[in-house]
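What follows is a single structure, written as structure tokens, with notes after it.
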Ligand code: 5GP
């Protein structure tokens, strides 16, 4: 027997999936959860005994970071940066720091948690800022990697999924601030 809450949740998801703007589910909720769990296992092994600082980039990384945290059974800290670079589907090419970290990362082991690496310009900008603060180590953990449009190469140690050059939404990723609440990654049908 299903509860009212379960019925409500599943019918909400059906409504969203039937949103005519969603062309296709690219990565299902089950695939996301399984992969995030694997990434957490890798981080747990690599940072055993170290108390890393996980730095989430607002707002796209929120769901990924929240799920990652649930699977990480170790001492850690979290902090956030807010960056603006995109309006709609296309990069303005301008990256701006909207919110800085609340605490110092000097001498700490930092893992930058990103939603997606596309051209690599945002990552390049953020890594420059963080490296200047002399962390003990600095690695990148990105849910998605879209290498087709890369302009700046950076080493991304932890990657959830490599995807082709399609604009995706859901699981934290937006299109004009919508669709972040989808539990899966989908592609948009564009007019
Ligand atoms: P980059 O600087 O690597 O080109 O872009 C990184 C940022 O662009 C990501 O953090 C994300 O906010 C946005 N972005 C790049 N590709 C996509 C995409 O397919 N979907 C969405 N929603 N955002 C994207």
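None of the figures in this text is laboratory data; all of them are computed from the coordinates on show. Computed from a predicted model, the values in this text were never measured in an experiment. Counting neighbours? That spans all protein chains shown, and the Cβs are built from the backbone with ideal geometry, glycine included.
If you take every DSSP beta bridge whose two residues both sit in segment 24-188, what share of them, in percent to the nearest 5, is antiparallel? Spell out each step's value before the answer.
Details: 12 of 34 bridges.
Antiparallel bridges: around 35 percent, rounded to the nearest 5.
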- Query: To the nearest 10 degrees, how steeply does helix 4-17 sit against the main Cα axis of the chain, on a 0 to 90 scale?
  - Reply: 90
- Pulled fully out, how much extra length does the chain show between residue 119 and residue 152, if you take 0.36 nm times their separation in residues and subtract their Cα-Cα distance? 11.2 nm
- Query: What is the percent of Cα-Cα separations in segment 109-178 that go past 17 Å?
  - Reply: 44
- Message: Assuming 0.36 nm per residue, please report the length gained on full extension of the stretch residue 103 to residue 69 beyond their Cα-Cα distance.
- Response: 10.4 nm
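What is the chain by shape, rounded, prolate or oblate, if you read a ≥ b ≥ c off the alpha carbon gyration tensor as root eigenvalues and call it rounded for a/c under 1.5, prolate for a/b larger than b/c, and oblate otherwise? Show your work: numbers first, answer last.
Values: a/c = 1.99, a/b = 1.32, b/c = 1.51.
Oblate is the answer for the chain, as a/c is 1.5 or above yet b/c matches or exceeds a/b.
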- Message: Of the candidates 68, 151, 112, which one comes out as most mobile in a Gaussian network treatment of the chain with C-alpha springs shorter than 10 Å?
- Response: 151
- Message: Just to confirm my numbers, what's the Cα centroid distance between segment 91-134 and segment 41-64 in Å?
- Response: 14
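From Cα pairs below 8 angstrom and at least 6 apart in sequence, can you work out the relative contact order of segment 67-191, rounded to a whole percent? Mind dumping the intermediate values first?
Working: 202 pairs, mean separation 22.5, N = 125.
Result for segment 67-191 is 18 percent.
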- Task: For the chain, set up a Gaussian network in which alpha carbons nearer than 10 Å are linked by springs, and say which option among 169, 152, 111 fluctuates the most.
- Result: 152
- Message: Between helix 29-46 and the chain, what is the angle of the helix's C-alpha long axis to the longest principal axis, kept within 0 to 90° and rounded to the nearest 10?
- Response: 10
- Quick one: among 156, 62, 116, which has the greatest mean-square fluctuation in a GNM of the chain with alpha-carbon springs under 10 angstrom? 156
- Would you mind checking the tilt of helix 121-131 against the longest principal axis of the Cα atoms of the chain, expressed as 0 to 90 degrees and rounded to 10? 40
- Message: Could you tell me the calculated FRET efficiency between residue 94 and residue 176, based on Cβ-Cβ distance and R0 = 22 angstrom, to the nearest 0.05?
- Response: 0.80
